[in-house]
Amino acid sequence: MAFIDHILQEPSYGWTTPEGTLKVPTKGQLWKEAFSRINIFRCKKNWISLMSWLMVLCMVPFLYLFIFHHFSWLLLIVLIAYSLIYMGTHGTIWFHRFCTHRAYKFSNPAWRVITQNLAIKTFPEEIYVVSHHVHHAKSDMPGDPYNPGGGFLYCMLSDVNHQSINKNLDERDYTKASRLMQHTGIVSNSYTQYKRWGSITHPGYATLLWLLNWGFWFAILYMIGGMAMVSAIFTAAMMWFILVRAFNYTGHGKGEAKHIDGIDFDRSNLSINQTRPGLFTGEWHNNHHLYPGSARAGFLPYQLDLAWIYIFCMHKIGIVSSYHDSKKEFMRKYQENRKNQL
């Protein structure tokens, strides 16, 4: 079995049917799997899945405070902008283009740490990075951790049901898996520690980073606008946590082929270029699947790419030492050929 086929922990209902097609679990099976995966009393190796949900649970009080004690229309606008634009763009810059695809490099590790913490933390990097490599290798096929063919709930619960690494990797495969995270600066487990904790990330590091990140942003936001601003922005972070899972479903056409000629050029998977995620966060998803290692995904004139603008500006002032940009290749391969055909 290839490394990519077993790097993730297979759910109890399996990835495939006996016929080799996608196994579509019932809603009951999905929820049962989710609560099983966050149960640290059954197995402490579930700690990283629990942390993912514990973070969002700890944001619920901020939602209550915002709605019932600090609501204002101005703060609602700030909340929406922070969630849809700021958090979304940071997710593209950090989790997507750097942590997973290494589309650019920092000139100094200090800039990496700063970029990592430019937004409120909502889940450990490992949850995103390892599974996203599998997503690209198996897009819309059985084994894709957020295959839209499994349905909306299949994608919404994927962070706990499908995105944790296999708890039974041998030392060779664990080393390969941990290398996927090496450049991110996380404190990794040794193989002995992995057998104890079931993760690449050391739980002590993940917990400390969470507390420091939240403590820093709580203090900054409180100084800016008191508990009203704190409650609004932490609610925005919770909102993004939910929306990014919904994107895994809608960004691949909800499991249907919805490609548009002249907009979606990669037909090897169901990914599509959507206007809102593209303009707000630089997530031109079909372009990204064409060139996953590119620091820019907005190739056409109207495709504003805020994540790319940040990376490019950071390169100009020396924070980013190098990057890969696939726009010229895209224009040559797809736009010039299209003009010749016309």
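Rule-based calculations on the coordinates, nothing more; no lab input. As the structure is a prediction and not an experimental result, all values here were calculated from the model. So basically every Cβ, Gly included, is an ideal-geometry build from the backbone, and we count neighbours across all protein chains shown.
In region 201-221, the residues that are under 19 Å from MET59 (Cβ atoms) and touching a residue at least 24 places away in the same chain (Cβ under 8 Å) reach residues that are part of a helix (DSSP H, G or I) and not β-branched (Val, Ile, Thr) with C-beta atoms within less than 7 angstrom, at least six apart or across chains, in these pairs: ALA206/MET51; TRP210/MET55. Looking at ILE220, is it of a type in the set (A, V, I, L, M, F, W, C), loosely packed, with under 15 Cβ neighbours inside 10 Å and under 30 Å from SER107 (Cβ atoms)? Taking the combined requirement at face value, the residue satisfies it. Of the candidates ALA295, ALA237, ALA228, the single residue that is in a helix (DSSP H, G or I) and within 17 Å of the chain's Cα centre (by Cα) is ALA237. Checking each residue in region 94-120 for being of a type outside the set (Phe, Trp, Tyr), out of contact with any strand residue (DSSP E or B) (no Cβ under 9 Å at 6 or more places or on another chain) and buried (at least 19 other Cβ atoms within 10 Å of the Cβ) picks out HIS96, CYS99, THR100, HIS101, GLN116, ALA119, ILE120. A search for C-beta distances below 6 Å between a residue of region 1-28 that is surrounded by 15 or more Cβ atoms within 10 Å (Cβ to Cβ) and any residue that is among the β-branched types (Val, Ile, Thr), counting only pairs 6+ apart in sequence or on different chains, returns LEU8/VAL134; LYS23/THR16; LYS23/THR17. Are any residues in region 73-99 of a type in the set (Val, Ile, Thr) and in contact (Cβ under 8 Å) with a residue 40 or more places away in the chain, and if so, which ones? Scanning region 73-99 gives VAL78, ILE80, ILE85, THR89, THR92, ILE93.
Within region 252-268, the set of residues being touching a residue at least 60 places away in the same chain (Cβ under 8 Å), buried (at least 18 other Cβ atoms within 10 Å of the Cβ) and part of a loop (DSSP other than H, G, I, E, B) comprises HIS252, PHE265.
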